[in-house]
1. Among the numbered criteria (1) over 15 Å from the mean Cα position of the chain (by Cα); (2) surrounded by 13 or more Cβ atoms within 10 Å (Cβ to Cβ), which single criterion is violated by residue 92?
2. Counting only residues that are touching a Ser or Thr at 6+ places or on another chain (Cβ under 9 Å) and without any contact (Cβ under 8 Å) to a residue 24 or more places away in the chain, which one in the range 41-50 is most open to solvent (accessible area, probe 1.4 Å)?
3. I'd like to check something: does the range 51-65 contain any residue that is in contact with a Phe, Trp or Tyr (Cβ under 8 Å, 6 or more places away or on another chain) and open to solvent by less than 70 Å² (accessible area, probe 1.4 Å)?
4. Restricting attention to the range 35-58, which residues are of a type in the set (Lys, Arg) and outside any strand (DSSP E or B)?
5. Would you say residue 24 is modelled with pLDDT of 90 or more, surrounded by fewer than 16 Cβ atoms within 10 Å (Cβ to Cβ) and within 21 Å of the chain's Cα centre (by Cα)?
6. So residue 44 ticks every box in (1) at pLDDT below 95; (2) under 30 Å from residue 16 (Cβ atoms) but one. Which box is left unticked?
7. Based on this model, can you work out whether residue 67 counts as modelled with pLDDT of 95 or more and outside any helix (DSSP H, G or I)?
8. Answer yes or no as to whether residue 10 is at pLDDT below 70, out of contact with any Leu (no Cβ under 7 Å at 6 or more places or on another chain) and exposed (fewer than 12 other Cβ atoms within 10 Å of the Cβ).
Amino acid sequence: MEEFHRLRDGVGELQEQLRTIEVVVHSDDRLVTATVGPRGQLVRLDLDPRVYREQNSRELASKITETIQKGAREAADRALEFCRPFLPEDDVRAQLGGDLNTFFTRLDNDVLGGDAFR
């Protein structure tokens, strides 16, 4: 119970930390800059004016997509770091990936010792 109370008391701070995640990433050539929020969503996209001289549309679209995906991965890694003191890493990764079944199965087995979530 002591561990439960420690974790419960830290949830508010954890939620605030997760809400404030913002990652700025650049393409390898620094022509594309993406700012990504806590759920991997694009918050801001900046294009260096040189992209219009050097890129075709497919290359530019690919570069933008890759940069945003890189930011989303970094935002997920930062969320994992914040959650590590509160939840097992596998549970956090499962939730970030949308796999709630894995989380609830572990919770069911570890806490309730049965099949309450099935």
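1. It is condition (1) that residue 92 fails.
2. Going through the qualifying residues, I end up with 44.
3. Quick first cut of the range 51-65, residues in contact with a Phe, Trp or Tyr (Cβ under 8 Å, 6 or more places away or on another chain) only: none.
No, because not a single residue in the range 51-65 is in contact with a Phe, Trp or Tyr (Cβ under 8 Å, 6 or more places away or on another chain) and open to solvent by less than 70 Å² (accessible area, probe 1.4 Å).
4. We begin by selecting, within the range 35-58, every residue of a type in the set (Lys, Arg); these are 39, 44, 50, 53, 58.
Result: 39, 50, 53, 58.
5. On the way: modelled with pLDDT of 90 or more: yes; surrounded by fewer than 16 Cβ atoms within 10 Å (Cβ to Cβ): yes; within 21 Å of the chain's Cα centre (by Cα): yes.
Here the answer is yes, as residue 24 does meet what is asked.
6. (1)
7. no
8. no
The values are calculated or read from the model by the stated rules, or taken from the named source; none is laboratory data. Just so we're clear, the structure is a prediction, and the values are computed from it rather than from any experiment. Heads up, the Cβs are rebuilt from the backbone with ideal geometry, glycines too, and the neighbour counts pull from every protein chain shown. Side chains included, ligands, DNA and RNA excluded: accessible areas come from the protein's heavy atoms. Shrake-Rupley method; radii C 1.70, N 1.55, O 1.52, S 1.80 Å.
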